[in-house]
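Notes follow once the structure below has been shown.
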Amino acid sequence: MKRITRVNIQKIVDQIKAESISMRRRFIVFIISAIAIVLSLILLLFNLFGIISPANKQIIDALDTQLLSYTNNIESDYNKIAAHAISFSEQLESSIQHYLTENSLTFDDLENSSETLVDLQRHLYDIVYLNMQLTPSSGAFYILNTTVNSGTETPYYNGIYLKYINMYSENTVNNEISLYRGAFTTGKENSLTFHSGWQNEMQTDFFDKSNSLFTDKTHYLLSPTIGIPETWERARYVYVPIRDLKENIIGVCGFEVNDLYFQLSQKTDDEKQLVCALLDANQDVYSGQFNSSRYNNADSNIQTLEKRNFTIFDFGTEKCIGKTQSLQLGNSTFTVAIMLTEAQYESLLKKGNSKTVGVILFVVLFAFVYCFWVSQKYVSPILQSLEQIKSKDVSGNSLKIREIDDLFAFLEEKDILYEEQLKNLEISRKLAEEETQRTKEAYEKALAEYSLAQSEIQQLSEEHKKEIVLEDYEFFICNLSTLTPSEYRIYELYLSGKTAKEIVQILGITENTLKYHNRNIYSKLGISSRKQLLRFASLKQHQDKLGVSDT
């Protein structure tokens, strides 16, 4: 049996001091020592922080990224709905004032006048219907501070509430609607299907606190999630006041976002199947709307527990792990949340930890193999080359590594050449920095000009939109599909800025033929000039870019 050789550490230290260990051995010892130190520090950090593991950090970072994106989407969506609500209010104010003036009435004259209120609803119905079609929501409404019967014990208010029946996507065009609240005559005239809980008028506590809610800096309100009377549904409401000429609040209008629409419009495309929510906080208890029907119900009150880097959501039957962020909408603060189930979290954590351990083991094994490979493939050739270029012993300070000392002695003869090259490189670097600065200034100038142009285009589009008669524009949009291929080709050429002469040359037709097609296009689209054609087309392109649906 062979004897085990004992390692004499003192002898090795003496050899190092006496410069009797080659660079190859030093290289292997230093690399292995560095790897051991780094791994020791990693294990120490894991031991100190406990639950903070690489896998957990990755999950938290992913949740943070998704939460930021989701918060921005929520804020953008509700700001868009609020903008539509403000426009909706302005249209109603104008129409109501026009109706009162035309019939020599005041707003107070409407109270207890059922025929007048029904007639007013008939005039306002198209505005409600059109704005509901244009706005990303599940319903639209207006309520006036008046009633057909002021003698009832419970106060009711007159108005129209339109909402969609069955929604299968977040697109609100061509969905079936029902008259949830409003005059019976108005519903029958517009062939609406009546909800089983239909009522002629509505109840609201809005007018009891409207003046205190809408200050100079409050343009709209977003309600918490509430149950819709006489239904199993829940919804949020975006409110905007309706004012008279003296700026008194005479009504309220806005849009409904029910649980189903929220679920459809806030879907997430990710393999983790994250649950996103907009929550209403009541101390430590939350409720709200979720992008999953699993949690969208009236009993979804959630207890929360804050941990170091995440929040635990307790639904009673199960728990979720996620992140939260506050969001100001209107004059209220809501909580945006993104979460995954506890089972999903544990699965991802286990998978991540297994992957981390595997990576560490692989790195350790690879490092040891790589050290020996480099020693054979890299260090040995260097040593051979150094032996070939050495010409004599060099005196002076020693680095206690034979090969490097010899190399430095050889390189001393090249110092002057290297210094000159360094000066040239420094000059080149300064020239490159100057060129970079000039390029940056030119880019910033071009970016500023582009932003100004975009702003002017947006302003011009809004001005054109105000000049357009709504009914003419609806007729234009609805009849675009009636154009023949030849007529639609001419319509596209006009949109691209081509003149009549250029279109004649492009299509190879006569001017009379072009005039004939022009007459047909104008007739089908209900327009009278190419200027009007381009104005309607410009507005349609602008709405398409904003994601606004055409009626």
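The values are calculated or read from the model by the stated rules, or taken from the named source; none is laboratory data. Just so it is clear, the structure is predicted and the values come from calculations on it, not from any experiment. Every residue, glycine as well, gets a Cβ built from its backbone with ideal geometry; the counts of neighbours run over all protein chains shown. Note: areas computed on protein heavy atoms with side chains; ligands, DNA, RNA excluded. Shrake-Rupley method; radii C 1.70, N 1.55, O 1.52, S 1.80 Å.
Quick one: how many residues across segment 496-514 are part of a loop (DSSP other than H, G, I, E, B) and among the charged types (D, E, K, R)?
Initial filter on segment 496-514 (part of a loop (DSSP other than H, G, I, E, B)): 496-499, 508-510.
Filter once more, so that each one left must be among the charged types (D, E, K, R): 498.
Selection size over segment 496-514: 1.
A search for C-beta distances below 6 Å between a residue of segment 110-132 that is outside any helix (DSSP H, G or I) and any residue that is crowded, with 20+ Cβ neighbours inside 10 Å and not aliphatic (A, V, I, L, M), counting only pairs 6+ apart in sequence or on different chains, returns E111/T146. Figure legend. Inter-residue proximity from segment 461-479: first residues open to solvent by 70 Å² or more (accessible area, probe 1.4 Å), second residues of a type in the set (G, A, S) and at pLDDT 55 or above, beta-carbon distance below 7 Å, spacing 6+ or different chains. Indicated pairs: F475/G526. Of the set (1) aliphatic (A, V, I, L, M); (2) open to solvent by 30 Å² or more (accessible area, probe 1.4 Å); (3) within 17 Å of V469 (Cβ to Cβ), all apply to I527 but (2). Determine if segment 110-132 includes at least one residue that is open to solvent by 40 Å² or more (accessible area, probe 1.4 Å) and within 37 Å of the chain's Cα centre (by Cα). Within segment 110-132, one or more residues are open to solvent by 40 Å² or more (accessible area, probe 1.4 Å) and within 37 Å of the chain's Cα centre (by Cα).
Checking each residue in segment 203-227 for being under 23 Å from K163 (Cβ atoms) and touching a residue at least 40 places away in the same chain (Cβ under 8 Å) picks out Q203, T204, F206, F207, S210, Y220, L221, L222, P224, T225, G227.
The residues in segment 195-235 that are open to solvent by less than 60 Å² (accessible area, probe 1.4 Å), modelled with pLDDT under 80 and farther than 25 Å from D77 by Cα can be counted, and the count is 3.
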